[in-house]
Structure formats: structure tokens, C-alpha cells
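Quick notes on the structure that follows.
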Amino acid sequence: MRSELSHNGENHALPINISDHLRREQLRHPEATGALSSILADLSRVAKEISYLVNTAGINGAYGSTGKINVQGESVIKLDEQANRQFKDILSNNPYVAGFASEEEMTFVPFAPDSRSKYVLWFDPLDGSSNFDTNVSIGSIFSIYQRVSDARGSVNESDFLQAGRAQVCSGYFLYGTSTMLVYTTGHGVYGFTLDPSVGEFVLPQDYAKIMMPESARTYSVNEAYRPLWSPRMVAFIDWLKTRNDDPCGARYVGSLVADFHRNLLKGGIFLYPQDEKHPSGKLRLNCELNPLAYIVEQAGGLATDGENNILDIQPSSLHQRSPVLIGSKNEVLSYMG
Ligand code: P6P
């Protein structure tokens, strides 16, 4: 890593930028072809654009709804569409990407067949966007898989219904007090921060190989649904609040990436259980839970639907939902019993 000489001659290592980091990671893994680095570099380009749109929305009148309802049955705001289009436009020009699926698309989107296109992506282009016009942090979430269909043709649905355990990379961008990229390729979790003065994602030393505290300090759940929960979930949340050793405080932003990121750094557990109103929970297995479950496991945490590890669930439909408890290992294991 390059270093700069400070005024008193001490060496201060400059934070490495994402291009140098990916180059170094590629050198560490001789089998790497550079394809993942290329895709991550393109995803970072999209995030810079979305970060700009998020941070200037109030000035440019980008708030507001399109009046459309997406496949999830949710109102689509202008920025949902812009973010989805940004991902589509940039990734369709990446030779290593054979197609993608998105929370905002009814079905998967194949790109023109190319012998180099070995990967497919899932993403939630803008999660938490209902909070966007009140200046609450929101995020983009992504997963990268190797395609499993015949490489000589277009992708098919099987490429987008792989268990989360098959991911080769996952991450999220958090558009908050700063714009961050947190990702893993199975060799630890890295947290980059966008330096707006140079337009580069850089890696501060203490965000390399992030490890989640094994015990939760806070729990994140929408307690308005308590009357709808199972007795097991009611008892568990009450235990978290009243246990003798280190009872949890409550933190719930209502924006998944913001809640997840705080828990990743400070220790915590996020829950969106099934209930009478959400029989399969609310959050989407493929574009939200699998990418975060891969990160949490790489950081020493766990993710479950209450019975199974999220990463071991075999998806049966593109937009299926799943109940989720995700975060510090000790509390997730306590729920599992
Ligand atoms: P509720 C945002 O709409 C979202 O998809 C997640 O970002 C967030 O964690 C969850 O829904 C909040 O849902 O039902 O508590 O408003």
C-alpha cells in the first residue's frame, strides 16, 4: 500500500481505492479471471450515479411517485425506476454478465449471449425507497452467481433460482451520511467509503475484514405487528428486552440496509417474522435476504427463516418472500433453541 509522508516524516498509509484493492485480491487468487473485479467496478459506477441522484433529489425534484405499482405490489417512486435503469444500462455492457433479475422487474432479463458471460446478478436497486423523501438512509443490494444454464444460449430461470449458498459475491451500497459499499467474495467482508472529493470508493483500515459482534446490543423489528406474531416470537422479543445479561435496546429505521449495517458494525439482530398479515414475511429471499445472509455469515453472524439457514433455502419462485432473523450469532442461535 502506498503511504504518504506527513509533515513530521511519519508514514501514514493512504486508504486503498477499490480498483487497487480488487487488483490485489485478484493477485491473491490466481484462479481469478478479473470478471468479478470488472462487475464490482461497474456496480460501483452505478452506485456513484445513484448516490448523486439521492443527494440532489430535493434540488432536482426527483422525489415523488411514478404512479405505478411494481411486481411486489408496492408504489414505484421515480428513483426506483432510475436506479433500476442505471443497473440495467451499465451491466448490459459488461461482457461477463449474462443477465439479471431485479426486485423491480417482473421476470429475469437476459443479455445477448456471449461466451465470456459466466455470471448473473440479482439486485434490489433501491431498498427502503419509501423512506427516501424524508431523508432516511436507503440502499442497493446485489448478488452475483455463476450461471448454471448452457453457456451457448441465453440464461433461463434456473440461473436465478439458485440457493444463496451458491453466491460468488454479494454486497450492498448504503446511501447515508456517507455512501458506502460493503461486499464479500467469500474471503471476508470489506467496507468502502465513497470519497466525493475524488469520486473513488476507498477502504479505511478498520473496515477490512469486518467482524460482527457475537452478541446483540439492539434488536430491530416493527413492534406494531406484535399482536400478529406467534407466541414463540412474542416470548423471544420479550426475552431480548428483559434478559438479565445486557438487555437489548430497540433500533428500527424501517430501511433494511441501514438497520443491517448498524447491526453489522455494533452487534444486533434484525427480525421480519411471518405473521397473520405477512404469512411468508415481507422481505425477498433472492434480492434482499440471500446477499445479506452471505455477508453476515462471512462476518461471523447468522441468518435464518426461523427453522433453516437462509443460504440453504432452495428458491422456488423469483420473488418469493421469507421470514428472517439475521445478525449476531448468539441471539440467532438462542431463537433456534
Ligand atoms: P415495515 C422498506 O420498505 C422495506 O422493504 C425494508 O427496507 C424495511 O426493512 C422494511 O420494508 C420495513 O417494513 O413493514 O416495518 O414498514
Going by amide H atoms built from the backbone, whose H comes under 5 Å of the H on GLN274, apart from near neighbours?
GLY281, VAL324
Among the complete DSSP H segments of the chain, which ones combine at least 18 Å of alpha-carbon extent along their axis with a mean Kyte-Doolittle hydropathy of -0.5 or more?
35-55
State log₁₀ I(q)/I(0) for the chain at q = 0.08, 0.11, 0.13, 0.14 Å⁻¹ as given by the Debye formula over alpha-carbon point scatterers of equal weight, solvent excluded.
-0.37, -0.71, -1.00, -1.15
Within the set SER140, SER117, SER197, GNM on the chain using Cα springs under 10 Å gives the largest fluctuation to SER197
Antiparallel DSSP beta bridges within the stretch 218-336, as percent of all bridges there, nearest 5
60 percent
Where the Cα pairs of the stretch 130-236 fall when distances are cut into 5 Å bins, in %
2, 9, 12, 13, 15, 15, 16, 11, 5, 2, 0
Which percent, nearest 5, of DSSP beta bridges in the stretch 11-207 are antiparallel?
90 percent
Based solely on its DSSP helices, what 222 nm [θ] is calculated for the chain when runs of n ≥ 4 H residues each add -39,500 (n - 2.57) and the sum is averaged over all residues, nearest 500 deg cm²/dmol?
-8000 deg cm²/dmol
Dividing the Cα radius of gyration by the Kirkwood radius, what Rg/Rh value follows for the stretch 218-336?
0.93
Members of LYS241/LYS282; LYS48/LYS329; LYS209/LYS282 lying beyond 25 Å, as alpha-carbon distances in this model show:
LYS48/LYS329; LYS209/LYS282
Gaussian network model of the chain, springs between alpha carbon atoms under 10 Å - residue of ASN60, ASN94, ASN70 with greatest fluctuation:
ASN60
Need one number: % antiparallel among DSSP beta bridges in the chain, to the nearest 5.
80 percent
Mean-square fluctuation maximum in Gaussian network of the chain, Cα pairs under 10 Å, restricted to SER280, SER316, SER255, hits SER316
Cα centroid separation - the stretch 137-175 against the stretch 271-299, whole Å:
16 Å
With θ set to phi - 60°, apply the Karplus curve 6.51 cos²θ - 1.76 cosθ + 1.60 along the stretch 243-252 and write out the HN-Hα couplings as whole Hz, x wherever there is a Gly or Pro.
4, 5, 8, 6, x, 7, x, 10, 9, 9
In vacuum, with every alpha carbon of the stretch 11-207 counted as one equal point scatterer, what does the Debye formula give for log10 I(q)/I(0) at q = 0.09, 0.12, 0.13, 0.19 Å⁻¹? Two decimals, please.
-0.34, -0.61, -0.72, -1.39
The stretch 11-207 - percent relative contact order, Cα under 8 Å, separation 6 or more:
17 percent
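Here, each number is a calculation from the coordinates, and none is a lab measurement. Keep in mind the model is a prediction, meaning the values are calculated, not measured.
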